[in-house]
Amino acid sequence: MNVDIIDNRVVNALRRSTKVRVARHTVSRVCTTLNIPGPRRVVNSRKAKRAFDVTIATAGLVVTSPVLAAVAVAVAAESPGGVLFRQERVGLDGRTFHIHKFRTMKAVHDGSLVSATGDSRVTRVGRMLRASKLDELPQLFDVLTGDMSLVGPRPEVPVYVEQWPDGLRPVILSVRPGITDPGSIVFRNESDELAAAPDPERHYVESILPRKADIYATYVRDRSFAGDLRILKDTVRAVLDR
């Protein structure tokens, strides 16, 4: 084999290696300058968050299994229809999935996407489940499947996602949606606000949705493991204070 060919291969390999090192160094400097996490830190953070989600969701399902069974019986006994409510939502990277909740409404209704306090479609058991947030417990299964996280922007239906500001949509969809987030705490009395509006659905789209989008995007930009723990603690406190 020609020695010159070997030398050229070695030189080219060294050049490629040098470019990779320079590129990594440049990315690292840019991330440091802009005060954002670098690629390796982001990957490690996502793995840690996912491990935490799976651990807590598994433990939560085991601990609450008697509650899940009791709620399922109560929902089935009060009105005909399935025990669970499934609805298409938009998740990580814009992929759609089906969220799961205990059914809180009559099986047959007009299909309006928002529900205000006093909504006649909500059953008696459903009102109690909504007040206690027990209707959200089946979403622990959505966490296990990887569609959701414990903490993250609440997933919306596709028609509402389309109405998020163009500059915020990719930011919000860059993480898994969550069972709770800062917006869930801020808008814990959302149904009361909707009930006071002449047109609840229009009020949701024009007033509540933009405010939620801002909160979602702020969470994504500032998120941290310690911050998620605070959100979980604040969520429990908000539910107990109702």
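The values are calculated or read from the model by the stated rules, or taken from the named source; none is laboratory data. It should be emphasised that the depicted structure is a prediction, and the values quoted were computed from it without experimental measurement. Remember, those area values only see protein heavy atoms, side chains included, never the ligands or the DNA or RNA. Shrake-Rupley method; radii C 1.70, N 1.55, O 1.52, S 1.80 Å.
Just to check, using Stokes-Einstein with a Kirkwood Rh over alpha carbon pairs, what's the diffusion coefficient of segment 135-228 at 10 °C and 1.306 mPa s in µm²/s?
114
Hey, can you grab everything whose amide H is under 5 Å from the amide H of GLY178? Only 5+ residues off in sequence or another chain; H modelled, so Pro and N-termini drop out.
SER149, GLY152, ARG154
Quick one: work out Rg over Rh on the C-alpha atoms of segment 46-177, Rh as Kirkwood radius.
Rg divided by Rh gives 0.99.
Straight-line reach from LYS101: which lysines have Cα under 19 Å away, leaving out those fewer than 8 places along the same chain?
Leaving aside lysines fewer than 8 places away in the same chain, those within reach of LYS101 are LYS133.
Tally up the carbon and sulfur contribution to the accessible surface of segment 83-124 as a whole percent, 1.4 Å probe, everything protein left in place.
With neighbouring chains kept in place, the figure for segment 83-124 is 51 percent.
Return the sequence-ordered ³J(HN,Hα) values of segment 150-166 in whole Hz as given by the Karplus equation 6.51 cos²θ - 1.76 cosθ + 1.60 applied to θ = phi - 60°, using x for Gly and Pro.
Karplus-based 3J(HN,Hα) across segment 150-166 equals 5, 10, x, x, 5, x, 10, 6, x, 5, 7, 4, 5, 9, 5, x, 4 Hz.
Quick one: what do you get for segment 189-228 if you divide its Cα Rg by 2.2 N^0.38 Å?
My calculation over the Cα atoms of segment 189-228 gives 1.49.
Percent of accessible area on segment 202-242 owned by carbon and sulfur, 1.4 Å probe?
Its accessible area is 54 percent carbon and sulfur atoms.
Check PHE85: other-chain or 5+ apart residues with amide H under 5 Å from its amide H, H built from backbone geometry?
Sorted by chain and number, the residues that satisfy this are LYS101, PHE102, ARG103.
Just how many % of Cα pairs in segment 84-150 lie over 19 Å apart, if you round to the nearest whole percent?
Counting pairs separated by more than 19 Å, the tail of P(r) holds 37 percent.
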